[in-house]
Amino acid sequence: MDDMSAAPTVRRELKGTAYGRPAQHPNDTLTKVGPGTPCGEYMRRFWQPVLASKTVTTRPREVRILGEDLIIFRDGSGRPGLLYPRCMHRGTTLLYGHVEPDGIRCCYHGWKFSVEGECLEQPCEPDGGLNREAARQPWYPVQEKYGLVWAYMGPPDRMPVLPDFDNMALEDGEVYFASDSSLGAHGDPNGPEVVPYSWLHMNDNVMDPFHVQVLHTTFSGTQFVKEFGVMPTVDFEYIDNGVIYRAYRKLEDGREVDRVSTWMAPNIMSVPSVLLSEGRSNGLGFSVPVDDTHSRILMTMRVRPDFNMRRGTGMESMKPWSGRTLEERQDQPGDYEAQEGQGPISLHSEEHLATSDRGIAMQRRMLERDIRKVMEGGDPTGVWFEEGAVVHVPSGNFYRH
Amino acid sequence: MDDMSAAPTVRRELKGTAYGRPAQHPNDTLTKVGPGTPCGEYMRRFWQPVLASKTVTTRPREVRILGEDLIIFRDGSGRPGLLYPRCMHRGTTLLYGHVEPDGIRCCYHGWKFSVEGECLEQPCEPDGGLNREAARQPWYPVQEKYGLVWAYMGPPDRMPVLPDFDNMALEDGEVYFASDSSLGAHGDPNGPEVVPYSWLHMNDNVMDPFHVQVLHTTFSGTQFVKEFGVMPTVDFEYIDNGVIYRAYRKLEDGREVDRVSTWMAPNIMSVPSVLLSEGRSNGLGFSVPVDDTHSRILMTMRVRPDFNMRRGTGMESMKPWSGRTLEERQDQPGDYEAQEGQGPISLHSEEHLATSDRGIAMQRRMLERDIRKVMEGGDPTGVWFEEGAVVHVPSGNFYRH
Amino acid sequence: MDDMSAAPTVRRELKGTAYGRPAQHPNDTLTKVGPGTPCGEYMRRFWQPVLASKTVTTRPREVRILGEDLIIFRDGSGRPGLLYPRCMHRGTTLLYGHVEPDGIRCCYHGWKFSVEGECLEQPCEPDGGLNREAARQPWYPVQEKYGLVWAYMGPPDRMPVLPDFDNMALEDGEVYFASDSSLGAHGDPNGPEVVPYSWLHMNDNVMDPFHVQVLHTTFSGTQFVKEFGVMPTVDFEYIDNGVIYRAYRKLEDGREVDRVSTWMAPNIMSVPSVLLSEGRSNGLGFSVPVDDTHSRILMTMRVRPDFNMRRGTGMESMKPWSGRTLEERQDQPGDYEAQEGQGPISLHSEEHLATSDRGIAMQRRMLERDIRKVMEGGDPTGVWFEEGAVVHVPSGNFYRH
């Protein structure tokens, strides 16, 4: 029941209405990631983390990365394998294969493949398969480091080394805490493992220190620590293989802190402690494209064995993301809402980047330059070929004394 | 277990089989409603009801209309707003925005917009945003009347007035009962708010007095009143801005009644009391395109505060639509089944319109003529520009005495 | 928690990686089945089983076959009908129609149609519809045999007879056990009635005697009988209208058995007893295209009234398919997993058919030859026009004595 009839109060001057607005579109150069696309070929020139080591077991598992559907497993000797899913014989998925000490066997006719795609057995063929040696199940090279399984999905003759990151060497008693379930987007172990939006949304987010003050503090209540309520003074700066920002805050208690965050090409983030603890960052994060409209946020940290990610933050007392209603997510939106809210792929042609978005503009400039480099046959920034390469990660919370 | 083998009794003369029938298609002129389409531009020249006033609150809500996704809300001062959903800054949906007295604030970086799209704040920008005045979130003008929120989504320089309908002025003690959840299709408050078929299906239905005798009475049992079991004598007639029919029935008790129903361009229906109560119609209905394949049936009525829509009809004793199985819907189909059963968009090229479909043919002729008018730069029938315009609605059940 | 950092052990020689592999595609000639496609027109030249007779009742039901959506029902006189779903009048689906002794009546305006598409009534039209005789609801001829309802969906002037199969005449006390719910794929009455992959996957399977030894015996545990663990010696041979194989096994107890299986064009399978019982096959199976990416496995058998399909096989003690988790299906995959695991349509261009796939190659050669014949105006192998035609089915388990 309602009774709201009222004289219309229509004015004739209608500025900027939504009528007749032009069609908008994403920046395809930065967001298409399948084989043969500019960004897809660029991304394939780096080792990409696929899953946490602990997730990769002798039970085969489907995984989608850079628009490709693959099967990941660990053979009976402990070696991880990443194979094209359709058995080269008659196309049945290796998801139903059984793992043996030296490889995986297809369920339909028993062909067996090693983690490097060699065909080890063809039991229904005369003499075990006379052309067996020539057969090869398509595969990708993988290695394990920092608690993650990494893959190289690019051209074989351009395979770089996976470097050391100088903030990641374990100190006494430390272990790696690695996550592959997009905790960085929603903080909830029961949240979606893959998030339904372009990798670029999270990648933009890391060079955006201002949303911390709005989204995570004044808008939604304190999601990390209340000190983020101080609007910082921010400088952005290029480093060799990325962009950093220095956010200076004078806290209420008189202390002054420089918070340095790092983005490294193509999709590596190193954010310092969200508790504003003093010292260098102890971790790395990755916004890995699953396909054009989905991504997986992985991360790895050096921690004490009793580490608990939510402890000490405002998140500790919040309802876990997966248990919230739409209304609760509206009342207290976080990174997931802000980024999913940009759509499956944002429409970059209608953005209005402002002064506070300078870090994002710098990242995208470097990405577009390096994508062009790869298209022209060169190697992108952030790729190393010498064994033992070490990358410096400048991130940290540095207090002025 | 079965035992039905039998000699085939195949005859060689096979007339009109389904083999090789030509491909069929909808009437696109009448059913495509997105921006820039002929019917879409025509529909945008009218004020369209979006939702009931009571549905529009300070909690932002997604609404889709004429193929456009929008955010609707009521600001803290009570003004309804209808905005393009993606924040003009970096594209996060305003669904996660918070409403303030003078507008809505985006969750990501805190930009705030009025219901007319003005940018009121840019908190992360130096000096609050030097170019803030030039910024504009795309918006549409809205107003409230008859318990509904109406929007004008057309070209600003052709905005008409929203007229008065001469059957809708409240009488003593009356209130408006407005519904935006497609009750007119399924009669069930728990039924789908949006129905999965073209707006034209319900629009056809209103000038189709014969289905009342079949679908609603002899086929499914009495859905309204048993008097509809009398097949009427029907005349169709153009009025200035639509089509009416006069269905004459001589009832069993000797009474004679003329039932007059009205369709007004572009999608307005005024059906008299389904209880055959004497007098003029006390309401209006609307078949509003959500997109090409979905629609929302809105309605508003002048009623006593204790009004109950199902009371006194055959529907009162029927199971609510949302609780019925497919079998129950097959046993007693209603308007929803008949219209959803035409598919997402009917294939008009294969229809066989007959004598009883004359009202539908007249409606479509007027629609096609006016769509052409708009394409050629003119104004359609049923649009008024003078303040205080009043539209006469001839509908009612008129007994001959 | 994990601690797996390790020096990368990358080798530079990367043979056969998945990078840069060419795009692959299905064999469209064999897998597109809609109207007007080569395989679709070929398939339409045969009587195809649609559903089991017992499934077709006076309650109308949607059925999809060869890419066409149709309504199937049995009229009040017991005649099955297969009609185009959209009422020829205004397009409402006949799913909501009511069956009468002589046909089906549309819910919207009451037009009534016979099982041969004649329009019997138009109640809202003056004089019951003056042009009623000319109206025709599109229909297909159907007949019942062997417990199944069969349809002919091809050109009327090429309609063949539905032949007798010489293994299907009932013996004393036998009845037909017919199934239309793809039991042949998953063996579970509660499994999906339609399977989500091309008809060709199951069709390939029937001339593939080797997977029985791998998939059904050594890989997943004994799904039928342990004797299938003996790898057979196999000969393939063309017959007039198909392909057969003879799989010879010398069993542990010294007995020798020839297992003969038959494939008949276009999609008919006759597999002998999976218990290796002596004698001719007592059944027929069919891999019927629902559309390009879905199929329905039908079958019919002569059996004793107390027949139970799972009894005596390894399946008897296995959990029913529909109750299994992904992990359980990985541990013990069966035909469903192997065939669904080939994708909605396999990518035939990347197959590596080997010596053991000779039967499949022979089938496909016959199919492609006959599809070409039909495209050129001829009749395919396996079609008979003389009444009383009888087809010989050579299948059986034949023991050497």
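Which log10 I(q)/I(0) values does the protein assembly as shown give at q = 0.06, 0.08, 0.09 Å⁻¹ under the Debye formula, counting every alpha carbon as one identical point scatterer? The computed values of log10 I(q)/I(0) come out as -0.67, -1.11, -1.27. Label-point spacing at residue C:376 relative to the other copies reads 5.7, 5.7 nm, in ascending order, each point sitting 7 Å out from Cα along Cα→Cβ.
Normalised by 2.2 N^0.38 Å, where N is the number of residues, the alpha-carbon radius of gyration of chain B equals 1.12.
For an R0 of 56 angstrom, estimate the FRET efficiency from the Cβ-Cβ distance between residue B:226 and residue C:54 and round to the nearest 0.05. E(calc), rounded to 0.05, equals 0.90. Relative to the dominant Cα principal axis of chain A, helix A:358-375 is inclined by about 30°. Ligands, DNA and RNA aside, residue B:58 has an accessible area near 80 Å² when probed at 1.4 Å.
Need one number: % antiparallel among DSSP beta bridges in chain B, to the nearest 5.
On the way: 72 of 74 bridges.
The antiparallel proportion sits near 95 percent.
Take each residue of peptide C:336-348, count the partner chain Cβ atoms within 10 Å of its Cβ, and average: the result is 4. Across the options A:178, C:326, A:269, the greatest Cα extent toward the positive end of the charge dipole of the protein assembly as shown (unit charges at beta carbon of Lys, Arg, Asp, Glu) belongs to A:269. Of A:240, A:28, A:291, the residue with the greatest mean-square motion in the GNM of chain A, using alpha carbon springs below 10 Å, is A:240. Largest GNM mean-square fluctuation across A:340, A:121, A:193, computed for chain A with C-alpha springs under 10 Å, falls on A:121. Distances between placed amide hydrogens fall under 5 Å for residue A:399 paired with A:258, A:279, all partners being 5 or more residues away or on another chain. Please identify every one of the trypsin sites (Lys or Arg not before Pro) in the stretch B:284-368 that sits in a loop by DSSP and has no more than 12 other beta carbons within 10 Å of its own beta carbon. Loop-located and lightly packed - B:311.
A straight Cα-to-Cα reach below 18 Å connects residue A:250 with the lysines A:226, residues fewer than 8 places away in its own chain not being considered. With coordinates expressed along the principal axes, the C-alpha atoms belonging to the stretch A:198-342 extend over 39, 36, 34 Å, beginning with the largest. Between residue C:347 and residue C:235, with labels modelled 7 Å along Cα→Cβ, what's the label distance in nm to one decimal, could you check? About 3.9 nm, to one decimal. The listed residues C:17, A:218 rank as A:218, C:17 when sorted by accessible area, largest first, using a 1.4 Å probe.
Note on residue C:133 and residue B:253: the model spin-label points, each 7 Å out from Cα along the C-beta direction, lie 4.5 nm apart. Per-residue shielding of A:162-170, expressed as the average number of other chain Cβ atoms within 10 Å of the residue Cβ, stands at 1. Most simply put, the protein assembly as shown has about 95% antiparallel DSSP beta bridges, counting only bridges with both residues inside it. Residue C:347 label point (Cα plus 7 Å toward Cβ) to equivalent points in the other copies: 3.4, 3.4 nm, shortest first. Solvent exposure of residue A:59, expressed as accessible area, is near 90 Å², computed with a probe of 1.4 Å over the protein chains only.
Ranking of B:321, B:384, C:47 by solvent-accessible surface, largest first: B:384, B:321, C:47 (1.4 Å probe, protein heavy atoms only, all chains present). Partnerless cysteines in chain C, where a partner means another cysteine C-beta under 4.7 angstrom, comprise C:39, C:107, C:119, C:124. The alpha-carbon positions of the stretch B:167-278 define a convex hull whose volume is 139 Å³ per residue.
Of all the options B:198, B:349, B:322, the one that moves most in a Gaussian network model of chain B with Cα springs shorter than 10 angstrom is B:349.
Round to the nearest 0.05 the FRET efficiency obtained for residue C:157 and residue C:392 when R0 = 35 Å and r is the Cβ-Cβ distance.
Working: r = 28 Å, r/R0 = 0.80.
Plugging the Cβ-Cβ distance into 1/(1 + (r/R0)^6) gives 0.80.
What FRET efficiency comes out for residue C:307 versus residue C:401 if R0 is 30 angstrom and r is the Cβ-Cβ distance? Round to the nearest 0.05. Before the final figure, lay out the partial values.
Details: r = 27 Å, r/R0 = 0.91.
Here the calculated transfer efficiency is 0.65.
The values are calculated or read from the model by the stated rules, or taken from the named source; none is laboratory data. Note that the coordinates shown come from a computational prediction; the quantities given were computed from them, not determined experimentally. Reconstructed Cβ throughout: ideal geometry from the backbone, glycine too, with neighbour counts over all protein chains shown. Heads up: the accessible areas ignore ligands, DNA and RNA and are worked out on the full protein's heavy atoms, side chains in. Shrake-Rupley method; radii C 1.70, N 1.55, O 1.52, S 1.80 Å.
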